[in-house]
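*Asks:* Dropping a structure here in structure tokens format, bear with me for questions.
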Amino acid sequence: LRKITPRPPKGLSDKLNAKTRGKGPFIVGLLNALMPCAPLLSMQLYALGTGSALVGGVSMLLFSLGTVPLMLAFGCAGAFTGKKTKRIMTTVSSVLVAVMGFFMFTSGFALTGITFGGGGGASVEATDGGGIQKVSSTVTATKYGNISVKAGTAVDWTLNADASVDRSCIRDMRVPEFNISKRLKSGVNKISFTPTKKGTYIIRCSMGMYTGRITVT
């Protein structure tokens, strides 16, 4: 992929190299703060939320120091690793990055309402409960399940969540089309809504990692 990797113009690179000679590691360290890294972004949000430059700065300093042992260990391991092992590690790392990229790609699409696959198996059909549709589904740490309801009638939806839900981002459930935004807890959860249009709507967690479907007929 080196042939298609975008690079800055040589003239600009030469000027930057001339001005930053000897300061490369320091500049790279500053740019690390811009990485799209979930733990790093979480700490930055925490630091901003303190409302204090001193407390926020100390928080970020402690977080940075906490990463030193692991980073140092990787650096030392690389220095003492043979060429053959390095090649294997590079290949394995590349595959892992590609797999993670695929999951990030599908999660991003899920947040826009596009999913690939069934997202939770067969749909549970709603039953008539005296003018109100009643439907029950099970939520686990990895799936919401699918439900099927009819348009134009109120829905009384019971979600039975197992204990593992409390430890997963699946607990933050969203269905924007029906203004559903609920933090699930283990046990019984109740949601009421009225679908008005036919179609298939995506149930998703706040990160788009876990999905399900609401089919309106």
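The values are calculated or read from the model by the stated rules, or taken from the named source; none is laboratory data. Model, not experiment: these values are computed from the prediction. Cβ: placed from backbone, ideal geometry, glycine included. Neighbour counts: every protein chain shown. Keep in mind that these areas ignore ligands, DNA and RNA; they rest on the heavy atoms of the full protein, side chains included. Shrake-Rupley method; radii C 1.70, N 1.55, O 1.52, S 1.80 Å.
*Asks:* Quick check: anything in segment 128-150 in a loop (DSSP other than H, G, I, E, B) and free of Cβ contacts under 8 Å to residues at least 12 places away in the same chain?
*Replies:* Scanning segment 128-150, I find at least one residue that is in a loop (DSSP other than H, G, I, E, B) and free of Cβ contacts under 8 Å to residues at least 12 places away in the same chain, so the answer is yes.
*Asks:* Here's a follow-up. Hey, among the residues in segment 116-127 that are open to solvent by 30 Å² or more (accessible area, probe 1.4 Å) and either in contact (Cβ under 8 Å) with a residue 60 or more places away in the chain or not in a loop (DSSP other than H, G, I, E, B) (or both), which one's farthest from Cys205 (Cα to Cα)?
*Replies:* Among those that are open to solvent by 30 Å² or more (accessible area, probe 1.4 Å) and either in contact (Cβ under 8 Å) with a residue 60 or more places away in the chain or not in a loop (DSSP other than H, G, I, E, B) (or both), it is Thr127.
*Asks:* Identify the residue in segment 125-183 that is of a type in the set (S, T, N, Q) and over 27 Å from the mean Cα position of the chain (by Cα) and, among all such residues, is farthest from Leu111 (Cα to Cα).
*Replies:* Thr127
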